[in-house]
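This report concerns only the one structure given below.
Computed from the coordinates by the stated procedures, all read-outs in this text should not be read as laboratory data. Since we're looking at a predicted model, the values are computed, not measured. Glycine gets a Cβ as well: all are built from the backbone with ideal geometry, and neighbour counts include every protein chain shown.
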Amino acid sequence: MTEVKELTVGVLGGTGPLGGGLARRFAAAGLAVVVGSRDAERGTRIAAEMLADVPTGTVTGADNAEAARRADLLVVAVPYEGHAELLRGLAEDLDGKIVVDAVNPLGFDARGAFALHVAEGSAAQQAAALLPGSRVTAAFHHVSAPLLLDVSVGSVDLDVLVLGDDREATDTVQALAELIPGVRGIYGGRLRNAGQVEALTANLISINRRYRAHAGVRITDV
């Protein structure tokens, strides 16, 4: 397995809460991070803001395609509505690379969050269909964005479930998750089981709203 700290990590959706929080934590852990945005100028601006929070980090900005080209491993943390359209044009740039899909296909109405139907079974399986040459995994669905964004929070106390069909890729993503203090990376099964993991986020949102918390997931006896 490639030493994870040697990787350049791209984050698509790095201008959003989850992607921005992950990018900050990876930079704080010493990784080179590329923040992707639809607009390269915005990506550069957000990268500069991250460096203000993590002054010892290495963070640069780019448009999404350039971030995909420069990254060894790419985290996708964009809204589900734009997920397929974004990935459809990146297959060549991501060929052979580990792609970590962190997208939760959720809808919201007056009764709260709920899981959306995805024809492929999950957002991660949709990514795998659109990126046939990539090593697609699923992870980071249940991490609280506010906790990630606040780098003064020393420990983020939860487990990150990592799913995928490529053992080396899931091992790498588990190691990536464990660069965030307090986090354990736990293998969660094959990619075909990603749907229920993505859907569980709706339950966690309900828990957090009821208890005004930042609830996560812990796996016992492991």
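If exposed means no more than 12 neighbouring beta carbons inside 10 Å and the site is in a DSSP loop, what's the longest run of the chain without any exposed trypsin sites (Lys or Arg not before Pro)? Longest site-free region, per DSSP loop and neighbour criteria: 1-110. Note on segment 4-211: antiparallel DSSP beta bridges, both residues inside, total approximately 15 percent of the bridges counted. Sorted ascending by nearby beta carbons within 10 Å, beginning with the fewest, 80, 211 become 211, 80. Could you give the distance between the Cα centres of segment 179-222 and segment 104-160, to the whole Å? Cα centroid of segment 179-222 versus Cα centroid of segment 104-160: 9 Å apart.
Here's the picture: charge each Lys and Arg Cβ at +1 and each Asp and Glu Cβ at -1 in segment 111-195, and of 136, 121, 148 the one pushed furthest to the positive end of that dipole is 121. Taking 0.36 nm per residue of separation and subtracting the current Cα-Cα distance, fully stretching the chain between residue 80 and residue 41 would add 11.7 nm.
Between residue 207 and residue 152, the simple label model (points 7 Å from Cα in the Cβ direction) yields a spacing of 2.6 nm. Go ahead and estimate [θ] at 222 nm for the chain from helices alone: -39,500 (n - 2.57) per DSSP H run with n ≥ 4, summed, over the residue count, rounded to 500. Roughly -11000 deg cm²/dmol at 222 nm, from the helical runs in the chain.
Potential lengthening of the chain between residue 48 and residue 129 amounts to 25.8 nm, from the contour at 0.36 nm per residue minus the alpha-carbon distance. For the chain, the square roots of the Cα gyration tensor eigenvalues, ordered a ≥ b ≥ c, give a/c below 1.5, which places it in the rounded category.
Modelled spin labels at residue 200 and residue 110, positioned 7 Å past Cα toward Cβ, are 3.2 nm from each other. How charged is the neighbourhood of residue 107? Take every other residue with its Cβ under 14 Å from the Cβ of residue 107, and add Lys/Arg as +1 and Asp/Glu as -1. Summing Lys and Arg as +1 and Asp and Glu as -1 gives -2.
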